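Notes follow once the structure below has been shown.
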Amino acid sequence: MHAPVRKSDLTYTDISGEEMTLIDTQDTAGADAAADPIYRLTGVTRTYQQRGRIVRALAGVDVEITEGDFVAIQGPTGGGKSTLLQLLGALDRPTAGSVVLGGTDIATASPAELGRLRAEEIGFVFQGFNLMPTLTASENVDMALEPLRLAKDDRATRVEEALAHVGLADRADHRPGELSGGQQQRVAIARAIVKRPRVLLADEPTGNLDESMRDEILAVLETLNSEGLTLIVVTHDSAVAKRARRRLRLDKGTVRDITS
């Protein structure tokens, strides 16, 4: 695996034509580095004790995800999708096997290192928007920067850029109750990307939205992915999954590639 050289800000142009920076990406030591996996899962098993019996949520999963890819994970309820997403998000450890993000094995990393990964490297978006109802859009986004201990001006700039990038620059002072469902999910996406992560994990991000709002959110996610952000989406919606470059099906704890 290549060694990171440094992080640099990726630039984009907002709807006013102004060039801004948003997502960190990694410079590489050679042309082949772009094909390196951001995730490498080897022999991943996750079991739980439930009512006196052992439940195997994941059973020897082997998969690699390339940096910058857009991957959709499908499968029936109870097939292990949520368990896999928790492992990818450094929210849990496997019972056996390794889950390597960059150069860090989540299975053996210290609690402090797992906390650093979640704070700096991984963004999360969920079906429920999980916004604080008493805070404005800006304040909700700003909460994600608390662990990074940035200067006040830097935080304000990042929040402004993130909201602009999801098309909500004019809604910064609105509270969730004053926003539509699609706008609330865009605030949640801005909160996920404001820390400039390497990967965005989205669990049914369009599950609470109608068809038009679903397409609106997918357009935002696809734009972020086109700028280099690795995007992994768990979804039951085939219309969402078909937009991904790669599709995985998880059933009874095992993964197979169903990309057509």
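The values are calculated or read from the model by the stated rules, or taken from the named source; none is laboratory data. Small disclaimer: the values here were computed from a predicted structure and weren't measured. Note: ideal-geometry Cβ built from the backbone for every residue, glycine included; neighbour counts use all protein chains shown.
Quick check: anything in the stretch 240-253 closer than 27 Å to G115 by Cα, surrounded by fewer than 23 Cβ atoms within 10 Å (Cβ to Cβ), at pLDDT below 95 and touching a strand residue (DSSP E or B) at 6+ places or on another chain (Cβ under 6 Å)?
Within the stretch 240-253 (the criterion being closer than 27 Å to G115 by Cα, surrounded by fewer than 23 Cβ atoms within 10 Å (Cβ to Cβ), at pLDDT below 95 and touching a strand residue (DSSP E or B) at 6+ places or on another chain (Cβ under 6 Å)), the answer is yes, since at least one residue qualifies.
Assess whether I65 counts as being of a type in the set (V, I, T), closer than 17 Å to P197 by Cα and in a strand (DSSP E or B). Quick ask: steps written out before the conclusion?
Numbers: of a type in the set (V, I, T): yes; closer than 17 Å to P197 by Cα: yes; in a strand (DSSP E or B): yes.
Against the criterion (of a type in the set (V, I, T), closer than 17 Å to P197 by Cα and in a strand (DSSP E or B)), I65 qualifies.
To keep it simple, each residue is scored yes or no on (1) assigned to a loop (DSSP other than H, G, I, E, B); (2) of a type outside the set (D, E); (3) in contact with a Cys (Cβ under 6 Å, 6 or more places away or on another chain); (4) free of Cβ contacts under 8 Å to residues at least 12 places away in the same chain.
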residue: A107; (1), (2), (3), (4): yes, yes, no, no
residue: A112; (1), (2), (3), (4): no, yes, no, yes
residue: L117; (1), (2), (3), (4): no, yes, no, no
residue: L131; (1), (2), (3), (4): yes, yes, no, no
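Kindly provide the set of residues from the stretch 82-100 that are touching a residue at least 40 places away in the same chain (Cβ under 8 Å) and in contact with a Ser or Thr (Cβ under 9 Å, 6 or more places away or on another chain), ordered by number.
D92, P94, T95, A96, G97, S98, V99, V100
Check A202 against each of (1) assigned to a loop (DSSP other than H, G, I, E, B); (2) closer than 21 Å to V141 by Cβ; (3) aliphatic (A, V, I, L, M); (4) touching a residue at least 40 places away in the same chain (Cβ under 8 Å) and name the one condition it does not meet.
So A202 meets the others, but not (1).
Please state which of the following conditions G103 fails to meet, knowing it meets all the rest: (1) free of Cβ contacts under 8 Å to residues at least 12 places away in the same chain; (2) loosely packed, with under 15 Cβ neighbours inside 10 Å.
Answer for G103: the failing condition is (1).
Quick check on my filter: what residues within the stretch 100-157 are over 17 Å from the mean Cα position of the chain (by Cα), among the acidic types (D, E) and closer than 28 Å to E64 by Cα?
Those that are over 17 Å from the mean Cα position of the chain (by Cα), among the acidic types (D, E) and closer than 28 Å to E64 by Cα: D105, E113.
Quick check: is even one residue across the stretch 72-91 closer than 28 Å to P147 by Cα, among the β-branched types (V, I, T) and surrounded by 16 or more Cβ atoms within 10 Å (Cβ to Cβ)?
Looking for residues that are closer than 28 Å to P147 by Cα, among the β-branched types (V, I, T) and surrounded by 16 or more Cβ atoms within 10 Å (Cβ to Cβ), one finds at least one in the stretch 72-91, hence yes.
Tell me, please, whether a residue that is farther than 15 Å from F129 by Cβ and of a type in the set (S, T, N, Q) can be found in the stretch 191-210.
no
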